[in-house]
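Visitor: Pasting a structure here, questions to come.
The values are calculated or read from the model by the stated rules, or taken from the named source; none is laboratory data. On a predicted model such as this, the values are computed, not experimentally measured, just so you know. Don't worry about glycine lacking a Cβ; one is built from the backbone with ideal geometry, like all the others, and counts go over all protein chains shown. Heavy atoms of the whole protein, side chains included, go into the accessibility calculation; ligands, DNA and RNA do not. Shrake-Rupley method; radii C 1.70, N 1.55, O 1.52, S 1.80 Å.
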Amino acid sequence: MKALKHALVVMDKPKHDQIAFQRALALGKALEAAGDGAPELQLKAFVYNQAVTDSSLDVRDQTTLKRTLTQTRKTWLAEQVAKAEAQGLKAKGDAVWTEALARWTCDAVDSSAVDLVVKTVHKSKTLTHTPADWTLLRQCQAPVLLCTRKRWAKAPKVLVALDLKRKDRNHARLNKKAIEAGCKIASLFGGEVHLVYTITVSSVLSDLDIVDARKVQKAAATQAKEAMEALAAPYGIPKANMHLPLGKVGQGVNNTAAKLKADLLVMGTTGKTGLKGLVLGNAAEKVLTRAQCDILALKP
């Protein structure tokens, strides 16, 4: 796992619980305690109010309102910086006036040294992430840690989702990065690492008499087991912590996470730049849509 020197923390609004900030503080203190050096926390408070563009206000009033709202947030942000520094961490804050939180963050990552983006996850009643979350997951080139309200256990369980179906170099690199990240975080907090890969067999096979679906499924399970054990060997992950559920990708991974009461799900995403950047990867989409724990999404 790449050393964390700069972490961009998307702050929640002042009236909300500072979930992302608290997770960033915990990670920073754990890294410092491990002798790895804590990252500098770049606290970003996003400010925007539609009233500023209200046509009933003249330019002077609009400017005054914008300045007042921004300064109020800066004052609050200075208090959060002081909290981080009181815990021995380096931090600096900045209030950003923009409605496009995710786009601004992606641009900031592209133009500066940011090793991790930390943000509180926001979901609708259907558990689907908001557009800002999806934009970060699909287009942000730095690792993204989306945090839930769920408190981590004292010895957290970190579940690493692997893609053993594709054999290309990018997916192999992602699998390795995901395992290394999962092991690093687990070691920082005295937790344990589990691996998961969902074995899927096309439903079409069940309808074809010329193909024995069970035989195909068994062969796929054997290959996946061997591949997973080979990947896990250098990291000392016990076989008891390797999971190969059957079924659909999203259900298999999330059911395993629920069964384990996982605190963090780590997985690689294959989002690319340009128009292809809008595609996160079909398997990743299915897993992340309904994930109920913290998510750490990594790029190749």
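Visitor: Do we have any residue at all in region 90-100 that's out of contact with any His (no Cβ under 7 Å at 6 or more places or on another chain), of a type in the set (D, E, K, R) and in contact (Cβ under 8 Å) with a residue 60 or more places away in the chain?
Guide: no
Visitor: Turning to a different aspect of this structure: Which condition number in (1) modelled with pLDDT under 95; (2) in contact with a His (Cβ under 9 Å, 6 or more places away or on another chain) is the one that E40 fails?
Guide: Of the numbered conditions (1) modelled with pLDDT under 95; (2) in contact with a His (Cβ under 9 Å, 6 or more places away or on another chain), the odd one out for E40 is (1).
Visitor: Now for a separate question. For the structure I just gave you, tell me whether A38 is surrounded by 15 or more Cβ atoms within 10 Å (Cβ to Cβ), out of contact with any Phe, Trp or Tyr (no Cβ under 9 Å at 6 or more places or on another chain) and not in a helix (DSSP H, G or I).
Guide: yes
Visitor: I would also like to ask the following. If I filter region 68-90 for residues that are hydroxyl-bearing (S, T, Y) and under 17 Å from the mean Cα position of the chain (by Cα), do I get at least one hit?
Guide: Checked against the condition, which is being hydroxyl-bearing (S, T, Y) and under 17 Å from the mean Cα position of the chain (by Cα), region 68-90 yields no hits at all.
Visitor: Turning to a different aspect of this structure: Of everything in region 253-262, what is touching a strand residue (DSSP E or B) at 6+ places or on another chain (Cβ under 7 Å) and not hydrophobic (A, V, I, L, M, F, W, C)? Give them in sequence order.
Guide: First, the residues of region 253-262 that are touching a strand residue (DSSP E or B) at 6+ places or on another chain (Cβ under 7 Å): 253, 256-257, 260-262.
Across region 253-262, the qualifying residues are T256, K261.
Visitor: Then there's this: When you check K184 against the structure, is it modelled with pLDDT of 95 or more and out of contact with any strand residue (DSSP E or B) (no Cβ under 6 Å at 6 or more places or on another chain), yes or no?
Guide: Yes; evaluated as a whole, the condition is true for this residue.
Visitor: Taking region 138-174, which residues are more than 30 Å from H16 (Cβ to Cβ) and among the charged types (D, E, K, R)?
Guide: We begin by selecting, within region 138-174, every residue more than 30 Å from H16 (Cβ to Cβ); these are 162-174.
Listed by number, the residues that qualify are D163, K165, R166, K167, D168, R169, R173.
Visitor: Here's another thing I want to ask about it. Tally time: how many residues in region 90-114 are of a type in the set (S, T, Y), outside any loop (DSSP other than H, G, I, E, B) and either more than 15 Å from V47 (Cβ to Cβ) or open to solvent by 80 Å² or more (accessible area, probe 1.4 Å) (or both)? Break it down stepwise before answering.
Guide: Start the filter on region 90-114 by keeping residues that are of a type in the set (S, T, Y), which leaves 98, 105, 111-112.
With the extra rule that they be outside any loop (DSSP other than H, G, I, E, B), the set shrinks to 105, 111.
Subset that is either more than 15 Å from V47 (Cβ to Cβ) or open to solvent by 80 Å² or more (accessible area, probe 1.4 Å) (or both): 111.
Residues meeting the conditions: 1.
Visitor: Across region 125-156, what is the number of residues that are surrounded by 20 or more Cβ atoms within 10 Å (Cβ to Cβ), among the charged types (D, E, K, R) and within 28 Å of E192 (Cβ to Cβ)?
Guide: 1
Visitor: Here's a follow-up. Could you please tell me which pairs satisfy a Cβ distance under 7 Å, a separation of 6+ or placement on different chains, a first residue in region 1-25 that is among the hydroxyl-bearing types (S, T, Y), and a second residue that is surrounded by 16 or more Cβ atoms within 10 Å (Cβ to Cβ)?
Guide: none
Visitor: Of all residues in region 57-83, which are in contact with a strand residue (DSSP E or B) (Cβ under 6 Å, 6 or more places away or on another chain) and open to solvent by 70 Å² or more (accessible area, probe 1.4 Å)?
Guide: Hit for region 57-83 is K74, nothing else.
Visitor: So, in region 6-35, of the ones that are under 19 Å from K119 (Cβ atoms) and in a loop (DSSP other than H, G, I, E, B), which residue ends up most open to solvent (accessible area, probe 1.4 Å)?
Guide: K15
Visitor: Among what's in region 140-172 and is outside any loop (DSSP other than H, G, I, E, B) and at pLDDT below 90, pick the residue that is farthest from the chain's Cα centre (by Cα).
Guide: R169
Visitor: Considering only region 16-36, I want to know if a residue exists there that is touching a Cys at 6+ places or on another chain (Cβ under 6 Å), of a type in the set (D, E, K, R) and at pLDDT 95 or above. Step through it out loud before you land on a result.
Guide: First pass over region 16-36, keeping only residues touching a Cys at 6+ places or on another chain (Cβ under 6 Å): 19-20, 23.
Of the ones still in play, those that are also of a type in the set (D, E, K, R) are 23.
Among the residues that remain, those that are also at pLDDT 95 or above are: 23.
Yes, because at least one residue in region 16-36 is touching a Cys at 6+ places or on another chain (Cβ under 6 Å), of a type in the set (D, E, K, R) and at pLDDT 95 or above.
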